[in-house]
Amino acid sequence: MNAVEATITLEPMRWWHIDEAMRLDADLFGPEQWSVRMMWSELAQATTRYYLIAVEDGQLIGYGGLAALGDEGFIQTLGVRRSHQRRGIGWLLLSALLAEADRRAVPAVLLEVRVDNLVAQRLYQRAGFTPLRIRKRYYQNSGIDALEMRRG
């Protein structure tokens, strides 16, 4: 266990975490943030969704979600509080989501990431994701393209 793992706990996301997660989502993703309704909808689909939060000293510092639909999974979202980035927390969350995909026998996992988010792209490549294609203007509010990536 490394130093980050010793101070961070991963827990299932529950309804009472939504407000704090949404504040973090707004800070991280601005005009592309999810709505509270979207998050409630995701959490309500417990049989096909798996959401985690990362907690340190009682504070929500990250979150991530997986949709597992048949033989494909999708990393729905992944975010770490700016003050806690580059400490391996994103890796912990992503690893846990991918372990859940493996547990559910989902052979392929896909995701979209902003083309200008090179840090996230490197994280995903380290986890075995490879680029598939560019999705033009995927992020509608900002007009930014997305890089679609796949593992498996």
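The values are calculated or read from the model by the stated rules, or taken from the named source; none is laboratory data. All values reported here derive from a predicted model rather than from experimental measurement. Backbone-built Cβ (ideal geometry, glycine too); neighbour counts: all protein chains shown. Ligands, DNA and RNA are excluded from the accessible area calculation, which covers all protein heavy atoms including side chains. Shrake-Rupley method; radii C 1.70, N 1.55, O 1.52, S 1.80 Å.
A few notes on this one:
- Being over 19 Å from residue 69 (Cβ atoms), open to solvent by 40 Å² or more (accessible area, probe 1.4 Å) and either over 14 Å from the mean Cα position of the chain (by Cα) or β-branched (Val, Ile, Thr) (or both) is a description that applies to residue 83.
- The set of residues from the stretch 133-152 being closer than 22 Å to residue 48 by Cβ and assigned to a loop (DSSP other than H, G, I, E, B) comprises just one member, 152.
- Some residue of the stretch 33-51 being open to solvent by less than 20 Å² (accessible area, probe 1.4 Å), assigned to a helix (DSSP H, G or I), small (Gly, Ala, Ser) and without any contact (Cβ under 8 Å) to a residue 40 or more places away in the chain: no
- Pairs where the first residue, in the stretch 117-132, is at negative phi and part of a helix (DSSP H, G or I) and the second is open to solvent by 30 Å² or more (accessible area, probe 1.4 Å) and of a type outside the set (Val, Ile, Thr), C-beta under 7 Å, 6+ apart: 123/91
- Flag if residue 90 is assigned to a loop (DSSP other than H, G, I, E, B) and in contact (Cβ under 8 Å) with a residue 24 or more places away in the chain: no
- Note on the stretch 99-152: among residues that are modelled with pLDDT under 95, of a type in the set (Lys, Arg) and open to solvent by less than 80 Å² (accessible area, probe 1.4 Å), the one that is farthest from residue 75 (Cα to Cα) is 135.
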